[in-house]
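Asks: Before I ask anything, let me first share the structure, which is written out below as structure tokens.
Only the coordinates and a few stated rules stand behind these numbers; no lab work does. Computed from a predicted structure; not experimentally measured. Because the Cβ atoms are built from the backbone with ideal geometry, glycine has one as well, and the counts that use them run over all protein chains shown.
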Amino acid sequence: MKALHDVAAPAKLNLFLHVTGRRSDGYHLLQSAFMLIDWHDTLHFEVRTDGGISREDLGAALPADDLVLRAARALKAAGATALGVHIGIEKRVPAQAGMGGGSSDAASTLLALNRLWKLGFPLERLSRIGLQLGADVPFFLTGRNAWVEGVGEIMAPLTLPAGRFLVVKPEQGLETGLIFSDPSLKRDSETAIISGFAADPFGFGRNDLQGVAERLCPGVTQALEWLAARGLKGRMTGSGSAVFAQVLQDPELSGVPGAFQVRLCNGLAVHPLAGWATGNSLSVGGF
């Protein structure tokens, strides 16, 4: 048995999210900037020589067949390895928050097992496997913040200034499908350019999903109001329900509603596992 402890799976924030159209197959065309933050899950891996794949929840209980198990099975099949793994998960990033927690766990699983099983797959191959698991998985494999377009598959590396953020997750979560199927969703935002975003990266644009999310989930509005009461201009990340605001100094955190998860987070320039596989998976999206 060989253990690999304390493998991080960081969350992300969508600094903005615009919906610019809809394809004939129903998928929405998006523009966004993804930023890694230091709120993360921790995964523990132990190689099994019997070929089995198992999982242990060290914190909050996860679904019986989550993205971590699916990632491990997909990589095992692709690598035709006789080895297996036991995975312990310390879940800290909240689910249904728009922070990519499950996708990040899957990406860190692919990177860690690629090493432990000595498969030697390049990032491009890991990204193709990851894309079958979820649209955000390739982003977490890249190791870099990214400008994202298309249905999430087109990425370009993005250099961001250092930033500190107050992230608030209300008790309720949100299902992505409910937001994107809502007839009132704004689907015609003008196409943005990176240079316009770069002039004000933490204040640029908006989240086009936020209006629908606030109607479906009152906790989103309550979290935004809680930030506003502290003089902070918040917005939702991803498809919610977490919201965030940039802070220039640590704010007063008294009076946090009991059901809220509140955390001060720093942006990350690179993923903790950057360099664990060779190549540039950003090229999968055409850049």
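Asks: Summing Lys, Arg as +1 and Asp, Glu as -1, what charge do residues with Cβ under 13 Å from the Cβ of PRO63 carry, PRO63 excluded?
Replies: Within the 13 Å Cβ shell, the charges total -1.
Asks: Can I ask one more? Go through the range 176-237 and name the trypsin sites (Lys or Arg not before Pro) that are in a DSSP coil and have 11 or fewer other Cβ atoms within 10 Å of their Cβ.
Replies: Passing sites in the range 176-237 are LYS233.
Asks: Which percent, nearest 5, of DSSP beta bridges in the chain are antiparallel?
Replies: Antiparallel: roughly 90 percent of the beta bridges in the chain.
Asks: I want the local charge near GLN31. Using Cβ-Cβ distances under 11 Å, sum +1 for each Lys or Arg and -1 for each Asp or Glu among the other residues.
Replies: Result for the neighbourhood of GLN31: -3.
Asks: Taking Cα atoms, how many degrees apart are the long axis of helix 218-228 and the longest axis of the chain, rounded to 10 and kept between 0 and 90?
Replies: Once rounded, one gets 70 degrees.
Asks: What angle, in degrees between 0 and 90 and rounded to the nearest 10, separates the Cα long axis of helix 67-79 from the longest principal axis of the Cα atoms of the chain?
Replies: Around 40 degrees separate the two axes.
Asks: Quickly work out the VAL262-to-ARG92 label distance, labels modelled 7 Å from Cα along the C-beta direction, and quote it in nm with one decimal.
Replies: Going from the ARG92 label point to the VAL262 one covers 1.9 nm.
Asks: Reachable lysines from LYS91, Cα under 27 Å, same-chain residues fewer than 8 places away excluded?
Replies: Correct list for LYS91: LYS2, LYS12, LYS76, LYS118, LYS169.
Asks: Continuing with this model, one more query. Treating cross-link reach as a plain straight distance, find the lysines whose alpha-carbon is under 22 Å from the alpha-carbon of LYS186, omitting any fewer than eight places away in the same chain.
Replies: LYS233
Asks: Run the helix sum for the chain: -39,500 (n - 2.57) per DSSP H stretch of 4+ residues, divided by residue count, reported at 222 nm to the nearest 500 deg cm²/dmol.
Replies: Per the formula, -7500 deg cm²/dmol.
Asks: Between ALA162 and ALA8, what FRET efficiency follows from the Cβ-Cβ distance if R0 is 22 Å, with the result rounded to 0.05?
Replies: In this case the efficiency is close to 0.70.
Asks: How would you order 173-183, 240-250, 12-22 from highest to lowest mean count of nearby Cβ atoms within 10 Å?
Replies: The densest-packed peptide leads the list: 12-22, 240-250, 173-183.
Asks: Rounded to whole Å and sorted largest first, what semi-axes of the equivalent ellipsoid does the C-alpha gyration tensor of the range 1-152 yield via the square root of 5 times each eigenvalue?
Replies: 27, 17, 13
Asks: Using a 10 Å cut-off on Cβ atoms, rank the peptides 43-56, 128-141, 96-109 from the highest mean neighbour count down.
Replies: Top of the packing list down: 96-109, 128-141, 43-56.
Asks: So, in Å, what gap is there between the alpha-carbon centers of the range 92-114 and the range 237-256?
Replies: Cα centres, the range 92-114 to the range 237-256: 21 Å.
Asks: What number comes out for the charge environment of GLU90, summing +1 per Lys or Arg and -1 per Asp or Glu over other residues with Cβ under 11 Å away?
Replies: -3
Asks: For the chain, set up a GNM with springs between Cα atoms under 10 Å and report which of ALA213, ALA95, ALA64 has the largest fluctuation.
Replies: Among ALA213, ALA95, ALA64, the largest mean-square fluctuation in the Gaussian network model of the chain belongs to ALA64.
Asks: The range 2-60 to the range 183-227: how many Å between their Cα centroids?
Replies: Centre-to-centre distance over Cα atoms comes out at 22 Å.
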